[in-house]
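*Asks:* Attaching a single structure in structure tokens format; questions to follow.
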Amino acid sequence: MNSRICRQRMLTVQQYMTRVSHLLAEIFTELGIDTDTLDSSVRTGGPADLSSLLWSWLELPPDKTMGDIALPCFRLAKTLRQAPVAIATSIADAVTAHIAAAGANDAEQVASAAAPPNDWTLLTDATTAGPYVNLRLRRSSVTRDVLHAIAMDNGYCHSGRGAGKIAAIDLSSPNIAKPFGIGHLRSTVIGTAIANLMESDGYQTLRINHLGDWGTQFGKIITSYRLYGDPDKVRANPIPELNDLYVFFHQQEKLHPELEDEGRAAFLRLEEGDPDSLALWQWMIEVSMVEFQRTYDLLSSRFDFNLGESFYNDKMQAVIDELREKGLLEVSEGAEVVRLDEENLPPCLIRKSDGATLYPTRDLAAALYRHHALHADELIYVVGGEQRLHFAQLFAVLARMGYDFAAHCSHVAFGMMLLEGKKMSTRKGQVVRLQEVLEEAIARAKAIISEKNPLLPDADAVARAVGVGAVVFNDLKNNRLHDIDFSLDKALAFDGETGPYVQYTHARTCSVLRKAGLLADGDASPGEALTSADSLSEIQTLEEPEWELTKLLSQYPQVRLRAIDERDPSLIAKLAMDICQEYNHFYHDCPILTSTAAIRERRLALTDATRLLIRHALSLLGLEAPASM
RNA sequence: GUCUCAGUAGCUCAGUUGGAUAGAGCAACAGCCUUCUAAGCUGUGGGUCGGGGGUUCGAAUCCCUCCUGAGACGCCA
């Protein structure tokens, strides 16, 4: 159970692993094993310090009944010239002796976060299973520490590695005059979650919506509108009509190739500043933004900047000048390029043979603007994986220009959304409109509410939170680079590993706390149950589900940091699901409200801790957490 | 053709900085609401981890090779 996260040794009960590794180092020294006696094959690349070395060896037993932390002894066999099993036995015996000497069993109250690093009361027993030493942590003290830490937010929801730094995140980036398709959902929700994660680490974020508002396509749309458009119809229903005109134009283009030149000429007029064309273009941006905003409102996405591609029109000449000054520009086949042979990349096209700029030119200008004008330290691009090469080239050119921040640029790639196994194409009119998907999701959520909980106050708001949550979570739970074949039924599933499941579990924790009189609706701070948890002196025998839940909760800080480092929100989604699964298991097996005072107090504290972390995880992912549903 | 990414249960995917018997959800079947929300919980069945070689005490994980799918590869964005 919960193997997804549990088996990653780095992430689990990590703070205790540090202490355990110190204890084990003591044993090793006692047994005459120190870093000098370990041969280099055992130490390779590892830290010189014995306890750090041991720390890196610790892992989790595959089965929770075996213990909490395991030390495999295979690699010691060669140096010590003993069988791994024998080594494991002597280590386990030594640990057992220490535990007994520490009088651990009478010291229930002693072990705590403040205990010295060589406090053997942290452990309750050591056993062997073949060549493995399995150690068990003292549940009471660990649980108390974890609950205390969550109440204090010791790194659980906030950290400060990004303090004073600015991260610019390029996300969403839909195209003007085209429908906001399901394909743009990924960039929007992944980008939003990454921005939230960075903020939890102290970064100031700049969420930049890099709108597609420039290019030949606008010449085509303008031409199509002038030739075939009905102004009244377009005004009534702008985006679908403009999209239809664009699609129709492409069909006509096949029959009348001369239209292509006309479209190009129309774009040229726009570039030259023809007032009529500009007005039309401006108007398309306005109506598109109104439309997009409806979707963003549902998703609770916000942006610090809506800067279209056109914003950089007057900033590209400076880039070209700078490249030339730095001697990076070369003429090749009539075009101007930056060669990237050393980086083993194809050359980056900066200027067409007719002198016009290109996509990379614009992105260079944008990167420099974000660096110089917006003072961004980190540049993050949440853009589909098909643009890998483009970003590799972009970053390489920045490095060539001598910008150190090139090392702090990253492309967060993701797979494509497919429709019935095929790439969606706006040109062919094959798009799934996100707005429709969200509305359908909300309608289904509403139907479930009226069936299961007809008296729920604020049902509409909850339906919106849950419906949208289903769609967003579905996209966030796997950050795989897999292409996704869009399925409405999958995106709108409310059972199993879904957003609504996580939200439901959150509502469940709220309900328990409400019944205990410990929670006012929408309370974001730790409740009384949790803040008084460090005074819980009676945490004696935790039952399995409580212990498993505690261990999962303890992973939150490390998982959050890893999600930030790997720019992977799915890690948060997965841990949230694991916590929910374990909480529901606990909820089912362990009565809370009807238990005797001490147990009730402890279980309420666990419930409140769970509630806080689920709530926080959901907020990182951009989901709401209704208090009942 | 070159490069990149992917291939794990019927489906969707975890696990990939090497460790013990490869895990979830969905779908199917069987149970659990006079007790804290059944959007839940429990159980059953389901696997040549794409194929083959190699390194290792130990490989889904590392190396080589082949197969399959997707994407990118100079004047679109």
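*Asks:* Identify all residues within the stretch A:340-367 that are open to solvent by less than 70 Å² (accessible area, probe 1.4 Å), closer than 17 Å to A:Lys315 by Cβ and within 6 Å of RNA strand B (Cβ to nearest atom); write none if there are none.
*Replies:* Hit for the stretch A:340-367 is A:Leu358, nothing else.
*Asks:* Can you tell me which residue within the stretch A:89-112, out of those that are part of a loop (DSSP other than H, G, I, E, B) and modelled with pLDDT of 65 or more, is most open to solvent (accessible area, probe 1.4 Å)?
*Replies:* Checked the stretch A:89-112; the qualifying residue most open to solvent (accessible area, probe 1.4 Å) is A:Ala102.
*Asks:* Another question, if that's okay. Please go through the stretch A:129-157 and pick out each residue that is more than 16 Å from RNA strand B (Cβ to nearest atom) and open to solvent by 40 Å² or more (accessible area, probe 1.4 Å).
*Replies:* The answer is A:Arg139, A:His148, A:Met152, A:Asp153, A:Asn154.
*Asks:* Considering A:Phe473, A:Phe494, which residue is crowded, with 22+ Cβ neighbours inside 10 Å and aromatic (Phe, Trp, Tyr)?
*Replies:* Checking each option against the conditions leaves just A:Phe473.
*Asks:* Quickly run through the stretch A:308-339 and pick out the residues that are farther than 19 Å from A:Gly273 by Cβ, away from RNA strand B (no atom under 11 Å from the Cβ) and either open to solvent by less than 80 Å² (accessible area, probe 1.4 Å) or assigned to a helix (DSSP H, G or I) (or both).
*Replies:* The answer is A:Ala318, A:Val319, A:Ile320, A:Asp321, A:Glu322, A:Leu323, A:Arg324, A:Glu325, A:Gly327, A:Leu328.
*Asks:* Only one of A:Thr596, A:Thr550 is open to solvent by 10 Å² or more (accessible area, probe 1.4 Å) and either touching a Lys or Arg at 6+ places or on another chain (Cβ under 9 Å) or more than 11 Å from RNA strand B (Cβ to nearest atom) (or both). Can you tell me which?
*Replies:* Result of the check over A:Thr596, A:Thr550: A:Thr596.
*Asks:* Looking at (1) at pLDDT 85 or above; (2) open to solvent by 80 Å² or more (accessible area, probe 1.4 Å); (3) not in a loop (DSSP other than H, G, I, E, B), which is the only condition A:Phe74 fails?
*Replies:* Here A:Phe74 meets the rest and fails (3).
*Asks:* For residues that are open to solvent by less than 50 Å² (accessible area, probe 1.4 Å) and among the charged types (D, E, K, R), tally how many sit in the stretch A:368-390.
*Replies:* 2
*Asks:* Let me ask another. Give A:Pro526, A:Pro500 a once-over and let me know the one that is more than 7 Å from RNA strand B (Cβ to nearest atom) and either under 24 Å from A:Met198 (Cα atoms) or assigned to a helix (DSSP H, G or I) (or both).
*Replies:* A:Pro526
*Asks:* Between a residue in the stretch A:326-354 that is in contact (Cβ under 8 Å) with a residue 60 or more places away in the chain and any residue that is near RNA strand B (Cβ under 6 Å from one of its atoms) and part of a strand (DSSP E or B), which pairs come within a Cβ distance under 9 Å, given they are 6 or more apart or on different chains?
*Replies:* Going by the 9 Å Cβ cut-off, the qualifying pairs are A:Val338/A:Leu349.
*Asks:* Sticking with this structure for a sec: A:Gln393 is checked against (1) touching a Pro at 6+ places or on another chain (Cβ under 8 Å); (2) surrounded by fewer than 21 Cβ atoms within 10 Å (Cβ to Cβ) and fails just one. What number does that condition carry?
*Replies:* Looking at each condition in turn, A:Gln393 falls short on (2).
Table: residues versus (1) within 24 Å of A:Leu488 (Cβ to Cβ); (2) at pLDDT 95 or above; (3) within 17 Å of the chain's Cα centre (by Cα).
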residue: A:Asp170; (1), (2), (3): no, yes, yes
residue: A:Phe180; (1), (2), (3): yes, no, no
residue: A:Ala193; (1), (2), (3): yes, yes, yes
residue: A:Ser200; (1), (2), (3): no, yes, yes
residue: A:Tyr203; (1), (2), (3): no, yes, yes
residue: A:Leu206; (1), (2), (3): no, yes, yes
residue: A:Leu211; (1), (2), (3): no, yes, no
residue: A:Gly219; (1), (2), (3): no, no, no
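*Asks:* What is the one condition in (1) over 15 Å from A:Arg603 (Cβ atoms); (2) outside any helix (DSSP H, G or I) that A:Leu542 does not satisfy?
*Replies:* Failed condition: (1).
*Asks:* Here's a follow-up. Starting from the stretch A:413-427, take each residue that is in a loop (DSSP other than H, G, I, E, B) and list its partners that are of a type in the set (Lys, Arg) and near RNA strand B (Cβ under 10 Å from one of its atoms), counting only C-beta distances under 9 angstrom and pairs at least six apart or across chains.
*Replies:* That search, which allows pairs on different chains as well, returns A:Ala413/A:Arg388; A:Phe414/A:Arg480; A:Gly415/A:Arg480; A:Met416/A:Lys423.
*Asks:* Please name all residue pairs, on different chains or six or more residues apart, with Cβ atoms under 6 Å, provided the first residue is in the stretch A:492-520 and is within 14 Å of A:Ala573 (Cα to Cα) and of a type in the set (A, V, I, L, M) and the second residue is within 9 Å of RNA strand B (Cβ to nearest atom) and assigned to a helix (DSSP H, G or I).
*Replies:* A:Val502/A:Cys580
*Asks:* For the stretch A:471-486: of the residues being over 19 Å from A:Glu436 (Cβ atoms) and out of contact with any Gly (no Cβ under 7 Å at 6 or more places or on another chain), which is farthest from RNA strand B (Cβ to nearest atom)?
*Replies:* The extreme case among them is A:Leu476.
*Asks:* Further question: In the stretch A:207-261, which residues are aromatic (Phe, Trp, Tyr) and crowded, with 16+ Cβ neighbours inside 10 Å?
*Replies:* A:Trp214, A:Phe218, A:Tyr225, A:Tyr246, A:Phe249
*Asks:* Same structure, new question: Say whether the condition of being modelled with pLDDT under 80, more than 7 Å from RNA strand B (Cβ to nearest atom), under 27 Å from A:Arg560 (Cβ atoms) and touching a helix residue (DSSP H, G or I) at 6+ places or on another chain (Cβ under 8 Å) is met by at least one residue in the stretch A:35-48.
*Replies:* Yes: one or more hits.
*Asks:* Just wondering, is there one or more residues in the stretch A:609-619 that are buried (at least 20 other Cβ atoms within 10 Å of the Cβ) and within 12 Å of RNA strand B (Cβ to nearest atom)?
*Replies:* The answer is yes, given that some residue of the stretch A:609-619 is buried (at least 20 other Cβ atoms within 10 Å of the Cβ) and within 12 Å of RNA strand B (Cβ to nearest atom).
*Asks:* For the structure I just gave you, tell me whether A:Lys574 is within 12 Å of RNA strand B (Cβ to nearest atom), among the basic types (Lys, Arg), under 18 Å from the mean Cα position of the chain (by Cα) and open to solvent by 40 Å² or more (accessible area, probe 1.4 Å).
*Replies:* Yes; evaluated as a whole, the condition is true for this residue.
*Asks:* Got at least one residue in the stretch A:377-386 being without any contact (Cβ under 8 Å) to a residue 40 or more places away in the chain and either within 15 Å of RNA strand B (Cβ to nearest atom) or not small (Gly, Ala, Ser) (or both)?
*Replies:* So far as the stretch A:377-386 goes, yes, one or more of its residues are without any contact (Cβ under 8 Å) to a residue 40 or more places away in the chain and either within 15 Å of RNA strand B (Cβ to nearest atom) or not small (Gly, Ala, Ser) (or both).
The values are calculated or read from the model by the stated rules, or taken from the named source; none is laboratory data. Keep in mind that this is a model prediction, so the values were computed, not measured. Cβ: placed from backbone, ideal geometry, glycine included. Neighbour counts: every protein chain shown. Protein only, heavy atoms only, side chains kept; ligands, DNA and RNA dropped before computing areas. Shrake-Rupley method; radii C 1.70, N 1.55, O 1.52, S 1.80 Å.
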